[in-house]
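> Got a structure for you, questions after.
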Amino acid sequence: MPGPKARLAVALDYPDAEQALRLVDTLGQTCQWFKVGMELYYAAGNTIIYQLRDRGFNVFLDLKLHDIPNTVAGAVRSATQAGASLLTLHASGGAAMMVAAAEAACAPGSPRLLAVTVLTSMDAAQLAGTGITASPADQVLRLAKLATQSGIDGVVCSAEEVAAVRAATGPDTLLVIPGIRPTGTAIGDQKRIATPAQAIADGASMLVVGRPITQATAPAAAAQAILDEIAEAIQNLTHP
């Protein structure tokens, strides 16, 4: 079973590489995985991936690709050249798009692919506003099953759905959970959240944490506290 460091990705939600790398250096070797989202990637490009890789870290490239199959397949190949270890795409792009992405990710050194189901900032009312009458939980399950059937390695879903997705997709699916908020931290704009221990107990493979670490007075201590909580949750799983 992967250890705590393999279970935590710190979200580098910064507008430039200088601020992001300052946080990375503050954390030292506390964490192994860093998530580069659209804000940072569009500012710094592949350079930030190279800089993180040169420091010995793994990069989770969260671009939420959503386009025609050929374009998404090309983006997967580009991410492979850049050195990303994980890459997201939107499951709502459909089966043909995801199959094309999965085929492109068969090349050596390709990132594992994660299908984003329903954003954690969305609740039932916001989902209904897009014309989808299913509940967030039902829509997540529908898209998770479609993704795994299309050859995608894993799924991004909220902690509220992780147990159901784990039961529906099996033990080998990589389940990555954003919206993690340790007890006592601000919820912010997230709607469907959980503590690290709850998410791990329900079957999460990896947790994504941003503001509770990046906005903490002592980021390294905040990250270590989350890693300790993950370690305890793993211990409870193996020795209930």
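The values are calculated or read from the model by the stated rules, or taken from the named source; none is laboratory data. These numbers come from a predicted model, not from an experiment. Cβ placement follows ideal geometry from the backbone for every residue including glycine, while neighbour counts extend to all protein chains displayed. The protein model used for the area step is the full one, side chains on, heavy atoms only, and it has no ligands, DNA or RNA in it. Shrake-Rupley method; radii C 1.70, N 1.55, O 1.52, S 1.80 Å.
> What does the convex hull of the Cα atoms of the chain come to per residue, in Å³, rounded to a whole number?
It comes to 121 Å³ per residue, whole-number rounded.
> A further question on this structure: If I compute solvent accessible area with a 1.4 Å probe over the protein chains, what percent of it on region 58-196 is carbon and sulfur? If you can, show how the numbers build up before the last one.
Details: 3100 of 5710 Å².
Carbon and sulfur atoms account for 54 percent of the accessible area of region 58-196.
> So how do CYS106, CYS157 rank on accessible area, 1.4 Å probe, biggest first, that is with the largest at the start?
On the way: CYS106 110, CYS157 0 Å².
Sorted descending by solvent-accessible area, the residues read CYS106, CYS157.
> Right, here's the next one. Suppose accessible area is computed on protein heavy atoms with a 1.4 Å probe; arrange TYR42, TYR50 from highest to lowest. It would help to have the intermediate numbers written out before the result.
Working: TYR42 160, TYR50 105 Å².
Listed by decreasing accessible area, they come as TYR42, TYR50.
> Using a basic spin-label model with each label point 7 Å from the Cα along Cα→Cβ, how many nm lie between GLN19 and SER135?
3.8
> Something else about it: Per-residue accessible area for HIS90 at 1.4 Å probe radius, Å² rounded to 10?
The accessible area comes out at roughly 30 Å².
> Let me ask something additional. Evaluated at 10 °C with a viscosity of 1.306 mPa s, what Stokes-Einstein diffusion coefficient in µm²/s does region 1-53 have when Rh comes from the Kirkwood expression over alpha-carbon pairs? Walk me through the numbers on the way to the answer.
Working: Rh = 11.4 Å.
Diffusion coefficient, whole number: 139 µm²/s.
> Sticking with this structure for a sec: How much accessible area per residue does the chain have, counting only protein heavy atoms and a probe of 1.4 Å, in square angstrom?
On the way: 10480 Å² over 240 residues.
Accessible area per residue: 44 Å².
> Please label the shape of region 25-135 as rounded, prolate or oblate, based on the square roots a ≥ b ≥ c of the eigenvalues of the alpha-carbon gyration tensor (a/c under 1.5 means rounded; beyond that, a/b larger than b/c means prolate, else oblate).
Numbers: a/c = 2.45, a/b = 1.40, b/c = 1.74.
It is oblate, given that a/c is not under 1.5 and a/b is not larger than b/c.
> Here's something else I'd like to know. Sort largest first and round to whole Å: the equivalent ellipsoid semi-axes of region 104-240, each the square root of five times a Cα gyration tensor eigenvalue. Before the final figure, lay out the partial values.
Values: eigenvalues 122, 79, 45 Å².
Ellipsoid half-lengths, sorted descending, are 25, 20, 15 Å.
> Quote to one decimal, in nm, the extra length available between GLN29 and ARG53 on full extension: 0.36 nm per residue of separation minus the C-alpha distance between them.
Roughly 7.3 nm would be gained on extension.
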